[in-house]
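Chemist: This is the structure I want to talk about, given as structure tokens.
Throughout, read-outs are computed from the coordinates displayed, never taken from laboratory work. In this text the structure is predicted, and so the values were computed from the model without any measurement. As a convention, Cβ positions derive from the backbone with ideal geometry for all residues, glycine included, and neighbour counts pool all protein chains shown.
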Amino acid sequence: MRVLVTNDDGIASPGLALLARAALAVGAEVLVAAPSDDQSGSSASLVGAEWHDRLVGKDVRAPDVPDEVRCLAMDATPGLIVLAAARGRLGLPPDLVLSGVNRGPNLGRAVVHSGTVGAAFTAATHGIEGLAVSLASPRPEHWATAEHCALAVLRGLVATPVGGRVLNLNVPDLPADQVLGIRRARLAPFGSAQAHVEVGDEGDVVVTYSQPDASPDDDTDSALLAKGWATLTVVNPPTSDDTAALPDVGTWPPG
């Protein structure tokens with residue numbers, strides 16, 4: 001099994017090493033290819049710097065990644081890196097893409113904006129299994145907990161692929177023995193912060209953020225994560241709905 005490890009925090013993030021070790025633990029052949037710098041919020045964007053119409057990757061040593069794993073730093077978004085890998089531009093296409101471990105959670109419908117989840121979406125649209133992993137703090141302390149949870153999910157994914165869907169794993173930034181377990185969750189209506197867009201006094205657009213409310217009995221990823229669960233959500237990449245009724249567009253050409 002060939003595994004591509006990427007992220008949107010950049011090649012210097014310690015989260016890459018965690019996923020590389022997890023992939024090695026299940027016997028995979030591993031390649032790390034990640035953005036040269038932070039690409040957070042890039043979704044599945046296909047933006048990158050090219051030289052003579054070619055996307056360039058520079059061999060580097062990412063922090064704490066095992067020596068036997070090749071590491072590439074690329075001036076590209078994670079979505080473009082996965083696309084290049086899926087098209088065989090980084091060697092044989094991967095069977096699985098692991099994205100993360102992200103600093104900070106990726107929750108709710110806001111996952112559509114996440115470069116971490118966007119990399120997994122790109123993989124899924126090319127028939128490649130995708131797992132996105134995030135640790136619920138912008139300054140994580142318990143990276144080992146994320147590695148433990150990611151390995152548990154990875155072993156399950158190898159045994160039972162999700163077939164064209166994406167797994168999104170969010171892990172509390174707690175010691176492993178304080179995590180309640182890994183629990184399936186549905187997407188919350190909002191992410192870890194709810195954006196509010198208003199018009200200011202001078203006609204300018206003002207964006208503010210607030211913590212969304214979550215019921216203590218809610219089974220969303222946001223609520224369960226706050227209670228101490230690691231949450232696992234199956235997310236469909238963009239697909240067409242061929243059964244929904246279309247609006248009446250009249251005759252064509254218009255008369």
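Chemist: For the residue pair residue 60 and residue 1, what label-to-label distance in nm results when each label sits 7 Å from Cα along the Cα-to-beta-carbon direction?
Modeler: Label-label distance for residue 60 and residue 1, simple model: 2.8 nm.
Chemist: Using the basic label-point model (7 angstrom from Cα toward the beta carbon), what is the residue 243 to residue 144 distance in nanometres?
Modeler: Label-label distance for residue 243 and residue 144, simple model: 4.8 nm.
Chemist: Here is a follow-up. When you count, for each residue, the other Cβ atoms within 10 Å and take the mean per peptide, how do 15-23, 140-148 rank with the highest first?
Modeler: 15-23, 140-148
Chemist: What ranking, highest mean first, results for peptides 7-13, 75-81, 133-139 when packing means the other Cβ atoms within 10 Å averaged over each residue?
Modeler: The most tightly packed comes first, giving 75-81, 7-13, 133-139.
Chemist: Then there's this: Can you list the residues of the stretch 225-241 with backbone N under 17 Å from a point 7 Å past the Cα of residue 178, pointing along Cα to Cβ?
Modeler: 225-231
Chemist: Which of the listed residues, 146, 181, 24, is farthest toward the dipole's positive end in the chain, when Lys, Arg count +1 and Asp, Glu count -1 at the beta-carbon?
Modeler: Of the candidates, 24 comes out farthest on the positive side.
Chemist: Tell me which label goes with the value of Rg and Dmax of the Cα atoms in Å computed from the coordinates here: (1) 17.8, 56; (2) 19.3, 70; (3) 19.0, 59.
Modeler: Evaluating Rg and Dmax of the Cα atoms in Å on these atoms matches (2).
Chemist: A follow-up question, please. State, as an integer percentage, the relative contact order of the chain based on alpha-carbon contacts under 8 Å between residues 6 or more apart.
Modeler: 18 percent
Chemist: Something else now. Just want to confirm a number: the relative contact order over the stretch 1-113, from Cα pairs under 8 angstrom separated by 6+ residues, in percent.
Modeler: Contact order relative to length: 38 percent.
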